[in-house]
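Taking it in order: structure first as structure tokens, then the write-up.
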Amino acid sequence: MAIQVLPDELVNQIAAGEVIERPASVVKELVENSLDAAASRIVVELERGGSSLIRVRDDGRGISPGEIGLALARHATSKIASLEDLERIGTLGFRGEALPSIASVSRLSLVARTHDAPHAWSVETREGAVSRPAPASHPPGTTVEVRDLFFNVPARRKFLRSEATEYQHILRMLERLALSRFEVGFSLAHNGKPVWTLPPATSPAEQIARVAKLCGEDFAQHVIELEEQSAGMGLSGWLALPTFSRSQADLQFSFLNGRFVRDKLIASAARLAYQDVLFNGRFGAYVLYLRLDPLAVDVNAHPQKLEVRFRESRRVHEFLFRTLERALAATRPSSHSPGSAPLDWLTGSAAHAAAAGIAHQGQFLMADGWGRRAAADVYRALPDEGSPHRLAGLGEEALVPAAGASTTGYFASDDDSRGAAALAVREATASQGAAAATTATTAGPPEAAFPPLGFAMAQLHGAYILAQTAQGVVLVDMHAAHERILYERLKQLLAGPPAQQRLLVPQIVPVTALEAETAGEHREEFAALGFELDRFAPEQLALRAIPSLLVGRDAVSLVRDVLADLAVDGSSRRVQESIEHLLGTSACHAAIRAHRALSLAEMNALLREMERTPRADQCNHGRPTWVRLSLADLDRLFMRGR
Ligand code: ADP
Ligand code: MG
């Protein structure tokens, strides 16, 4: 075949192949156009899952009669005029290809009227040609009607799924769009029946009501609200409490400057922030709004603009991770935890917990049975300041220097059989607590005298603590709570620079030349983690020292994994993850086992420690550590006051 310029119609159909995958893509493009036209209400009507009709009506700016024909022309847009405009783009569209692409694979008509025009004008497309504009009747705003999608592209039509499936895709798409602009009202009708109406939501209460409608009541009741601003970046939105985890990553919405994006960087920051509080295989849920200077991001990297490119990806990742992780660290028992929602007493919710604070540097709460191998591993590597005086409360007699340790470290002797005595109990607080608990049964002290988790009353079945609070009762899973406390303490103790173990014989890590380059660029990061790594040959690295905590583990594959992460994301948390995993295991082994009798004083000490510990609402596996039953819940259970 000879080289020839393709006819416009075919060019549009090729473009449609990229942008218009299914009816939901049409809905996206049309609604985005309405949003760009500053509409305050958008009405979407569908027939047969959008395959026979998609109609989007808005009350936006409209289109002037002189431009209405152009709207359907290829590469015609009112949104940018220069490359500079493209770089600081604030609208959702800018490529000027949606309408002509859709028109090339459907029967499209467009009616629009600007606010100062006496009447509307309409155009439609027939076999690739745009009709002459004709006067029409329409209120100010625009309506686009798309009929018989893919009628002329049988190959595409074949790929369409059932009406119900396509309809579901459209619903998902509209959810994103409705979450992206709270100030805009949306309504949807399918096959002539109204499906939902979302009024404009400006107040916080209206906004969370919209979130509840789109993401579920349950989600909306178990979220932490975010609002963070730092160095030209902003993050707001809602983050589900770890105890509301999902088996799928299906409730994760992220928006960048008002545009829904499916971005690896955002997802990775959120995954990392959740990893300390979620069981493996569970997923966090969130609706996040990231705000950045438009110049700091390239949205012209994907035909459907679902993916973006950040100019400073590491800074963005760091900001997201820090903000989310701090919010999640605040999930600890607080007296502001919400009232008696049905699920509230099934999950220890702290939705309104105060902003994160540093955990109180109090006594070290420690159970017996500490002298295990895992613990020994941890302590062997403690930095110097991890000496016994920082482990006050562990009971110094229980500590023996770790034999053959390369750094100062201690672990409890195996024969520490003093049981309860090993618990760090601050006598004063504890006896006070016990006293107050006794009074509570008779008169009930003033509300302010109660800490959030109240005072212990009894130990149940050797596993749970029953405590009385100002507003009801609380049940605590002893082991789970203690595990979190120990874990957080261990993390704090190890917060300093990691101890390093030099290898007698350097280990050779075979890598690609690119990975070797990456290792060189990230030398300092590796050093900060406790690795000493240098280039040995063009495709070999020499590993000369490793973090002491990882002695006995496969450091070489860890290094390789870190390099792979660095190549993809520019950052890696694998080493920290590996250390955290080790700490988590140690904490689990060391935490109080069931069937150990605790005194009231010990139980109260545990409750107080929980209130001070970050993330204490859930154990290291994301299970709740406590549940609340308010007086109202109790009354309801016993049908009182009905
Ligand atoms: P883009 O959105 O990339 O500019 P489109 O093909 O989606 O390209 O739309 C082309 C032009 O038509 C837009 O730039 C805009 O000027 C106009 N337009 C489309 N839809 C609307 C609408 N709902 N209200 C007002 N103007 C619209
Ligand atoms: Mg557009």
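List of remarks:
- Residues of the range 68-84 that are within 14 Å of ligand 2 (Cβ to nearest atom) and in a loop (DSSP other than H, G, I, E, B): A73, R74, H75, A76, T77, S78, K79, I80.
- For the range 19-55, filtered to residues that are part of a strand (DSSP E or B) and surrounded by 23 or more Cβ atoms within 10 Å (Cβ to Cβ), the residue that is nearest to ligand 1 (Cβ to nearest atom) is I42.
- Failed criterion for I485 (all others in (1) over 22 Å from S557 (Cα atoms); (2) surrounded by fewer than 22 Cβ atoms within 10 Å (Cβ to Cβ); (3) touching a Ser or Thr at 6+ places or on another chain (Cβ under 6 Å) hold): (2)
- L306 being surrounded by 15 or more Cβ atoms within 10 Å (Cβ to Cβ) and not acidic (D, E): no
- Residue that is farthest from A98 (Cα to Cα) [pool: residues in the range 13-34 that are in contact with a Gly (Cβ under 8 Å, 6 or more places away or on another chain) and within 14 Å of ligand 2 (Cβ to nearest atom)]: S34
- For A81, the conditions (1) within 8 Å of ligand 1 (Cβ to nearest atom); (2) modelled with pLDDT under 95; (3) farther than 22 Å from R156 by Cβ all hold with the exception of (1).
- Identity of the residue in the range 85-132, buried (at least 23 other Cβ atoms within 10 Å of the Cβ) and of a type in the set (S, T, N, Q), that ends up nearest to ligand 2 (Cβ to nearest atom): S101
- The residues of the range 86-110 that are more than 10 Å from ligand 1 (Cβ to nearest atom) and over 33 Å from the mean Cα position of the chain (by Cα), listed by number, are S104, V105, S106, R107, L108, S109.
- Where strands (runs of 3 or more DSSP E) fall wholly inside the range 131-214, the ranges with 1 or more residues that are under 25 Å from S64 (Cα atoms) and of a type outside the set (S, T, Y) are 134-136, 141-147, 185-190.
- Qualifying residue in the range 277-294 (condition: assigned to a strand (DSSP E or B), basic (K, R) and under 22 Å from R309 (Cβ atoms)): yes
- The condition (being closer than 22 Å to L174 by Cβ, more than 12 Å from the chain's Cα centre (by Cα) and at pLDDT 90 or above) is satisfied by just one residue among V261, V223: V261.
- The set of residues in the range 499-508 that are surrounded by fewer than 22 Cβ atoms within 10 Å (Cβ to Cβ) and not polar (S, T, N, Q) comprises R502, L503, L504, V505, P506, I508.
The values are calculated or read from the model by the stated rules, or taken from the named source; none is laboratory data. Note that this is a predicted model, so its numbers are computed, not measured. Please note: Cβ atoms are built from the backbone with ideal geometry, for glycine as well, and neighbour counts cover all protein chains shown.
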